[in-house]
Structure formats: C-alpha cells, structure tokens
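*Asks:* Structure incoming, see below.
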Amino acid sequence: MINCGDCVQALNAYIDRELSDDDIVTVREHLVACGGCLHLYQFEESVRRLVRVRCQEQSAPEGLRVRVTVSLAAERLRQEKRRRIPLE
C-alpha cells in the first residue's frame, strides 16, 4: 500500500484516468482506507466538476483555447514520462 504523500501526488493522474490499471487499484485501495486522502480526492473532483460546468457556460477566445490546448498536451507528455515510474 502507498502512503499519503504518494497518494496525493497521484491524485491528479488518478482523476484524469492517466494511471496504469495497477496504480489505479493502489490509489483506490488507499482512498478506501484513508479518510483524509478521500476527502482531498472528493474536494479535487468537485472543483474539477465546477470548473467543467462553468467553462461550458462561457466560451473562451479562440487564441486562448489554442494556447491552453497546446499547454495541456505538453503537460500530458511530461506527466506520461513521470507516470512510467511506479508508485510502489
């Protein structure tokens, strides 16, 4: 089982469904066992839902959307490289 620090580091990737199947199980098991990390996960998930809803209500200028899309793609590549290091 992972510790709270490792779980917190993996939460964004967990929420984004970017972890391997084994790492998903590991994080999920920790969340079931740790109320503090579960609370943080629920908070992060609710913030993402709120942002998603608010972003659908208003559209950003095309140039901003392109810059954000490019930045997110670059960050996903960086995260993918980091993800190759196992949590345990």
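Quick note: the coordinates plus some simple rules give every number you see, no bench work behind them. Values in this document were obtained by computation on a predicted structure and should not be read as measured data. Cβ placement follows ideal geometry from the backbone for every residue including glycine, while neighbour counts extend to all protein chains displayed.
*Asks:* Given labels modelled 7 Å from the Cα in the Cβ direction, how far is it in nm from residue 45 to residue 28?
*Replies:* It is 1.1 nm.
*Asks:* Grab the DSSP H runs of the chain that are 4 residues or longer, score each as -39,500 (n - 2.57), total them, divide by all residues and round the 222 nm result to the nearest 500 deg cm²/dmol.
*Replies:* -27000 deg cm²/dmol, from helical runs alone.
*Asks:* Let me ask you something else. Starting from region 1-78, pick out the GluC sites (Glu not before Pro) whose DSSP state is loop and whose Cβ has at most 14 other Cβ atoms within 10 Å. Could the numbers behind the result be given before it?
*Replies:* Working: sites: 18, 29, 44, 45, 57, 62, 75; in loops: 18.
Answer by residue number: there is no such site.
*Asks:* Follow-up. Pairs of alpha-carbon atoms within less than 8 angstrom and 6+ residues apart define the contacts here; what relative contact order does the chain have, in percent?
*Replies:* On the way: 32 pairs, mean separation 34.0, N = 88.
The normalised contact order for the chain reaches 39 percent.
*Asks:* While we're looking at this one, here's another question. The chain: D in µm²/s via Stokes-Einstein (Kirkwood Rh, Cα pairs, 4 °C, 1.567 mPa s)?
*Replies:* Details: Rh = 14.5 Å.
Here the translational diffusion coefficient equals 89 µm²/s.
*Asks:* Moving on to the next point. Would you mind finding the longest exposed-site-free stretch of the chain, with exposed trypsin sites (Lys or Arg not before Pro) meaning DSSP loop and at most 16 other Cβ atoms within 10 Å?
*Replies:* 18-83
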